[in-house]
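The values are calculated or read from the model by the stated rules, or taken from the named source; none is laboratory data. Note that the structure is a prediction, hence the values are computed from the model and not measured. Using ideal geometry, Cβ is built from the backbone for each residue, glycine included, and neighbour counts are taken over all protein chains shown.
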Amino acid sequence: SQKIEQNSEALNIQEGKTATLTCNYTNYSPAYLQWYRQDPGRGPVFLLLIRENEKEKRKERLKVTFDTTLKQSLFHITASQPADSATYLCALVRNAGGTSYGKLTFGQGTILTVHP
Amino acid sequence: DTAVSQTPKYLVTQMGNDKSIKCEQNLGHDTMYWYKQDSKKFLKIMFSYNNKELIINETVPNRFSPKSPDKAHLNLHINSLELGDSAVYFCASSPGTGRRTNTQYFGPGTRLTVL
């Protein structure tokens, strides 16, 4: 069966270090992968999108990699700050059952806490 | 200027009641969605509408009936509420339906509690 797993439910790191979050999937052939940030009591906010033919994407302190052979995406936050503390969700994008409509399937999220 | 708004933010009701949640987006997007986030934080798509037409229906009980009066609004009506319907419901919109254009813009969520 199809499965998306974000490797840890919670990740604690020290301010200034690089946070690395993992998203693994099985039995999917996603065309795109997206990462979102969700703060408590709020809706997710889009951060980055990476396509299957892209190895890496960067935006300021954020970096995403996508390895379709390993079926894995890594999400890095460099020089992390306490304000980066949130839940981070990965989402696989593929066509919904025989249509051309893109459908997102989300992982369960990783709660990142950056300690001062 | 709120991009995607939902009302109400909190909804507490008894089992068996019927309730509605409203959603509006001012982003000019063509596509809108309803998601359910359960207590384990899994976010699952329920429905998607494009220009007022239903395009994705994810095997949701027919007690849930979405309605899109125009492409800026997508409402969710739930009949005969059950305990298992307790969750946070998120509305979202995207510029388009394709895999390249469906970056989601989420509303703040509606926390539904069924007693």
| message | Among (1) closer than 25 Å to A:TYR32 by Cβ; (2) in contact (Cβ under 8 Å) with a residue 24 or more places away in the chain; (3) part of a strand (DSSP E or B), there is one condition B:LYS44 misses while meeting the rest; what is its number? | response | (2)
| query | Which ones in the stretch B:59-100 are over 14 Å from the mean Cα position of the chain (by Cα), within 14 Å of chain A (Cβ to nearest Cβ) and in contact (Cβ under 8 Å) with a residue 40 or more places away in the chain? | reply | B:PRO95, B:GLY96, B:THR97
| message | Here is a check on your reading of the model: is A:ALA79 surrounded by fewer than 16 Cβ atoms within 10 Å (Cβ to Cβ) and more than 9 Å from every other protein chain (Cβ to nearest Cβ)? | response | yes
| said: Every residue in the stretch A:91-116 that is under 15 Å from the mean Cα position of the chain (by Cα) and either outside any strand (DSSP E or B) or within 11 Å of chain B (Cβ to nearest Cβ) (or both), please. | reply: A:ALA91, A:LEU92, A:VAL93, A:LEU104, A:THR105, A:PHE106, A:GLY107, A:GLN108, A:GLY109, A:THR110, A:ILE111
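Counting only residues that are facing chain A (nearest Cβ under 8 Å) and buried (at least 19 other Cβ atoms within 10 Å of the Cβ), how many does the stretch B:102-115 have?
First pass over the stretch B:102-115, keeping only residues facing chain A (nearest Cβ under 8 Å): B:102-109.
Pick out the ones that are also buried (at least 19 other Cβ atoms within 10 Å of the Cβ) and you get B:102-107, B:109.
Number of matching residues: 7.
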| request: Say whether the condition of being among the aliphatic types (A, V, I, L, M) and modelled with pLDDT of 90 or more is met by at least one residue in the stretch B:59-67. | output: no
| message | Taking the condition of being surrounded by fewer than 16 Cβ atoms within 10 Å (Cβ to Cβ) and among the small types (Gly, Ala, Ser), how many residues in the stretch A:32-76 meet it? | response | 1
| message | Can you pull out every residue in the stretch B:76-101 that is surrounded by fewer than 17 Cβ atoms within 10 Å (Cβ to Cβ), modelled with pLDDT of 95 or more and under 27 Å from B:THR2 (Cα atoms)? | response | B:HIS77
